[in-house]
Amino acid sequence: MFGLEKKDANLLLFVAALAIFAPFILNPFPEGSAMAQFNAGYPDLMQRFAIFGIFAIGFNILFGLTGYLSFGHAAFLGVGSYAAVWMFKLLSMNVIPAIILAVIISGLFALVIGYVSLRRSGIYFSILTLAFAQMCFALAYSVLTPITGGETGLQLALDDPRILGVSQTPEGNIPVPGLFGLEMRESFEMAVGPWVFTFNIGYYFCAIIMLLSFYLAIRIFRSPFGMMLRAIKSNQQRLNYTGLNPRPYTLAAFVISGMYAGLAGGLMASMDPLAGAERMQWTASGEVVLMTILGGVGTLIGPVLGAGLLKYMENILSKINKGVLEGWFSFMPDGMSDTFVFLTNLFVGKQWHITTGVIFMLVIIFLPGGLVELGKRISGMFRKKDDDNTKSAKAEPAE
Amino acid sequence: MGILEVKDVGKRFGGLQALGDVNLSVKEQTCHAIIGPNGAGKSTLLNCLVGKLIPDTGSVMFDGSSVLGRSPHEINQMGISRVFQTPEIFGDLTVMENMMIPLFAKRDGAYRLHAIESVDSEKSLIEQAHQMLEEVNMIDKRDMHAASMSRGDKRRLEMAMCLVQNPKLLLLDEPTAGMARADTNNTIDLLKEIKEKRDITIAIIEHDMHVVFSLADRITVLAQGTPLVEDTPENIKGHPKVQEAYLGETQQV
Amino acid sequence: MDAIILQILNGLDKGSAYALIALGLTLIFGTLGVVNFAHGALFMIGAFCAVTLNKLLTLSHVVIDETKTDFLGNPLKVQVPYVNDIFGEAAGAAIIDWSVPLAIFFAIPVMIAIGVIMERGLIKHFYKRPHADQILVTFGLAIVLQEIIKYFYGANPIPTPAPDAFKGSFDFGAAIGFDANTIIYPYWRLVYFGFASLIIGAVFAFLQFTTFGMVVRAGMADRETVGLLGINIDKRFTIMFGLAAAVAGLAGVMYTPINSPNYHMGMDFLVLSFVVVVVGGMGSLPGAVLAGFLLGILESFASMREVIDIIPGINQVIIYLVAVIILLTRPRGLMGRKGVMED
């Protein structure tokens, strides 16, 4: 199906099912119940699942396949965001041209930065990409303020030209991003008993783009190009002596992953039409590294899972505050509950970064393959048990 | 004129003259061995042929055009394949994938962005890879991870990866180093077969005299960066200069 | 001329911090072969050692002073630090005043302990792993450390003043024969530069003149051979890591009066220090120090009004720009050795 092997087609269908039914899957708890705070099925968060999924899928094409660890990919995301917002300001509020421009501009940036950075490998490559991204960040924050909006960020205004659209709506508001009349922010809710499910246009738009990106990533992974990239990671010397020039391959991978990042940035701006320099900071680059590794670097589904997990943790953990914890531990004696509240409080609320940091370290130390490896190990354990069972079952009649 | 013409090649590393005025001519469809004691400059010479090193002086012509200043992948595209002293393969890839990469390089050149079509749709290349794997008796290992194989198998795979490109010149850098006697004999048989079946020229650097005298049509003895003698195996065997150069070296003539 | 001297002086304090952090990074990289992305966090923790000591010393209790009244006519409540009770008022005030230099003695054992725990507990297991894994795990650790500091100390910078004796500025211009008030330089920055030079000198002397240092240098040159000689390298490496942590920590302690410490200062300095290490040449200690000062001074020149007017924004990117140029033209950096991290 779609020119894919059965296994890959199943994977694509699985991700598609996750994406389509996300509003249900992420809202398992009835509205108003104590557990409702763990629901994640609201538009803003679901959009981020899809957008960061795209970002991580693209990053994985570079890092997962070639092993080149870029610490500056957030720059492309930021560039994509700026490009999209400029399209909203100058052309129209239609998201399609905005996204196309975001991809093109970030691709050009990636071409230049990649061309220079890829002349080195290993840690030098990481430092070079980091240096370029920090330069972009610093410039966006200061000198380029006319283009980037500086500290306040780039925002839409009532007097923007929008030559194919309107500068302001009849009511005198700034128009909102849309797709040929469909507004991205539009949602409709469905109540089933005590459950409330939200279906948001913006989310489904992101999800469709994410599925397309995922499909493209599968094709790349299975293509000769993808194989060459893995060969680069495995043994560049042999590749050279086999008559292949690694440089254009790595550059192509770098540009493709930069374009994925730009696409994510463009979508981000399409959901909420503003862009700020902090999106380019190196901590943001670190975040996509985290997602990719958390999910499983070099695997197809890993980055999607990693992005989902990290964004879910960010939202859910940061919502748990001291009051919630005190409620949880209230059954304990006073002194004990205080201690527990104090200890667990380190990992939730504003401190949720500690949790992700710790999990990230644990993953690198014990589970370099991330969630995908975890899944494999667990299913491997079951399979082993099954094998044992069948063996003993076979052995019995013989006795 | 040989297919490979090395003229007055010199290479210096700091104060060390690694190669001085090396002249070498490898005739088409022969097996030419380069022997010599440790430090004679054999590896330096080889590296000058494949673009890893650029000689300070002299010229290296292959098939009528110069290889100097070209990068290893360009030289491979001209028709030179190299087997390394320790097998260089793509350890993270399967045996089959290891075979496909040289085939793509042969068909598509040094670079082609074929990112959409699947590897599995390349039926004719897959067919060629299968044939080659059968030739080296590795077809049953086609789905194995290359890194998990024995050293002998890795060597055979590397050889197969070079041969599947149908190179005009095959360079072998001590292909039997560290091999058990049985494996060495297998390799000799394999190389003999290749020599007979294909229109191929082989240049081999080797320590093991048994291998050299089983395969070589011509032998060049290198000592202290310069060729001492070049002759047929029969004449080399009793040559006094060669004995002298190898004095103190272990040999199995 | 005076402007140039001023810029050189201005570059020295930041340059000192870069040099100290880069020195530690290089020691760790050179001896242990580990790329430590948590080194900036160690610098930050050092700074917070000073904050902590300052807070501890100013812990106070309330005393009612009958001799004075507040504006309502009630007896005045005065906060009296406990140190005053112990050492008397004058000595107590002096101790608080000197809390930043005193924090050196507090920070050394703390930093060495943190360094040793880090090496034994985490880094040790990454000697044989790829550099990418080392970068990633220490990056994770850096996040954890900085967020813990944020949890306990909040997100805002905490002003930590220098002793009164070093407040104010030194008229450097007048001292060397220029007009008065042309080259004004805060005393504390001079102290910082002097302190950094002292530490750098001490580290080099330690490596040069002690047996321990000799083994470490040998280990940096050729780890395997030294290991084969039957010398217990591992133990020395642990100590080395503790030492590097202490160097970073001390750099942080003394830096607090220059810039009020906040939880993300470590990351800010780390990125730049890494660039410094790369410019200096991975694995070269003199290179790290030289590049640290050079880049600090360069940055200071780039922030001159005259320069910014010509090339806007250059002050923001100069260090990265230099790094890019150096990496592309001299891959081994200013003083790097052949064969270090060239894979």
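Let's see how each residue does on (1) assigned to a helix (DSSP H, G or I); (2) within 15 Å of the chain's Cα centre (by Cα); (3) polar (S, T, N, Q):
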residue: B:Lys192; (1), (2), (3): yes, yes, no
residue: B:Glu196; (1), (2), (3): yes, no, no
residue: B:Ser214; (1), (2), (3): yes, no, yes
residue: B:Thr220; (1), (2), (3): no, no, yes
residue: B:Asn235; (1), (2), (3): yes, no, yes
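Take the conditions (1) part of a helix (DSSP H, G or I); (2) within 14 Å of chain C (Cβ to nearest Cβ); (3) in contact with a Gly (Cβ under 8 Å, 6 or more places away or on another chain); A:Val289 misses just one of them, which is (3).
One line per residue, one yes/no per condition, for (1) touching a Lys or Arg at 6+ places or on another chain (Cβ under 9 Å); (2) crowded, with 24+ Cβ neighbours inside 10 Å; (3) within 14 Å of chain C (Cβ to nearest Cβ):
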position: A:Ile54; (1), (2), (3): no, yes, no
position: A:Phe59; (1), (2), (3): no, yes, yes
position: A:Phe63; (1), (2), (3): no, yes, yes
position: A:Asn94; (1), (2), (3): no, no, no
position: A:Ile113; (1), (2), (3): no, yes, yes
position: A:Ser117; (1), (2), (3): no, yes, yes
position: A:Ala133; (1), (2), (3): no, yes, yes
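You will find that of A:Tyr249, A:Tyr241, A:Tyr260, the residue that is within 29 Å of A:Lys7 (Cα to Cα) and facing another protein chain (nearest Cβ under 9 Å) is A:Tyr249 and no other.
Yes or no, residue by residue, for (1) within 12 Å of chain A (Cβ to nearest Cβ); (2) aliphatic (A, V, I, L, M); (3) assigned to a loop (DSSP other than H, G, I, E, B); (4) touching a residue at least 60 places away in the same chain (Cβ under 8 Å):
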{"site": "B:Lys52", "(1), (2), (3), (4)": "yes, no, yes, no"}
{"site": "B:Ser81", "(1), (2), (3), (4)": "yes, no, no, yes"}
{"site": "B:Ala115", "(1), (2), (3), (4)": "yes, yes, yes, no"}
{"site": "B:Gln131", "(1), (2), (3), (4)": "no, no, no, no"}
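Condition check ((1) more than 18 Å from the chain's Cα centre (by Cα); (2) within 14 Å of another protein chain (Cβ to nearest Cβ)) across all residues:
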{"site": "C:Lys128", "(1), (2)": "yes, yes"}
{"site": "C:Asn156", "(1), (2)": "yes, yes"}
{"site": "C:Tyr185", "(1), (2)": "yes, no"}
{"site": "C:Leu198", "(1), (2)": "no, no"}
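When C:Ile297, C:Ile258, C:Ile325 are checked against the criterion of being in a loop (DSSP other than H, G, I, E, B), modelled with pLDDT of 85 or more and among the β-branched types (Val, Ile, Thr), C:Ile258 stands alone in meeting it. Looking at segment C:20-50, which of the residues that are in a helix (DSSP H, G or I) and of a type in the set (Gly, Ala, Ser) is farthest from the other protein chains (Cβ to nearest Cβ)? In this case the residue turns out to be C:Ala50.
Surrounded by fewer than 22 Cβ atoms within 10 Å (Cβ to Cβ), out of contact with any strand residue (DSSP E or B) (no Cβ under 9 Å at 6 or more places or on another chain), at pLDDT below 85 and at positive phi: does that describe B:Gly152? Taking the combined requirement at face value, the residue does not satisfy it.
Per this entry, B:Gly10 is not counted among residues that are in a loop (DSSP other than H, G, I, E, B) and either without any contact (Cβ under 8 Å) to a residue 40 or more places away in the chain or out of contact with any Cys (no Cβ under 6 Å at 6 or more places or on another chain) (or both).
I'd like the full set of residues that are part of a strand (DSSP E or B) and touching a residue at least 12 places away in the same chain (Cβ under 8 Å), limited to segment C:51-92. Once the filter is applied, which keeps residues that are part of a strand (DSSP E or B) and touching a residue at least 12 places away in the same chain (Cβ under 8 Å), segment C:51-92 yields C:Ser60, C:His61, C:Val62, C:Val63, C:Ile64, C:Asp65, C:Leu76, C:Lys77, C:Val78, C:Gln79, C:Val80, C:Pro81.
Restricting segment C:93-116 to residues that are within 16 Å of the chain's Cα centre (by Cα) and either among the aromatic types (Phe, Trp, Tyr) or part of a loop (DSSP other than H, G, I, E, B) (or both) leaves a set whose member that is farthest from C:Ala41 (Cα to Cα) is C:Phe105. Of all residue pairs spaced 6 or more apart or on separate chains, those with beta-carbon atoms under 6 Å, a first member in segment A:279-291 that is of a type outside the set (Lys, Arg) and a second member that is part of a loop (DSSP other than H, G, I, E, B) are A:Ser285/A:Phe71; A:Ser285/A:Gly72; A:Ser285/A:His73; A:Val288/A:His73. Of the residues making up segment A:120-130, those that are at pLDDT 85 or above and either at the interface with chain C (Cβ under 7 Å from one of its Cβ atoms) or not in a helix (DSSP H, G or I) (or both) number 3. Residue count for segment C:74-91 under the criterion of being in contact with a strand residue (DSSP E or B) (Cβ under 6 Å, 6 or more places away or on another chain) and either of a type in the set (Phe, Trp, Tyr) or more than 15 Å from C:Ile64 (Cβ to Cβ) (or both): the result is 1. A:Leu154 passes every criterion in (1) more than 24 Å from the chain's Cα centre (by Cα); (2) more than 11 Å from chain C (Cβ to nearest Cβ) apart from (1). Checked against the criterion of being part of a helix (DSSP H, G or I) and either under 15 Å from the mean Cα position of the chain (by Cα) or surrounded by 14 or more Cβ atoms within 10 Å (Cβ to Cβ) (or both), the candidates B:Ala182, B:Ala203, B:Ala177, B:Ala160 yield just one match: B:Ala160.
Looking only at residues of segment A:192-233 that are outside any helix (DSSP H, G or I) and touching a residue at least 60 places away in the same chain (Cβ under 8 Å), we find that the one that is farthest from the other protein chains (Cβ to nearest Cβ) is A:Gly193.
The values are calculated or read from the model by the stated rules, or taken from the named source; none is laboratory data. All values derive from a computational prediction rather than experimental measurement. Note that each Cβ is placed from the backbone with ideal geometry, even for glycine, and that neighbours are counted across all protein chains shown.
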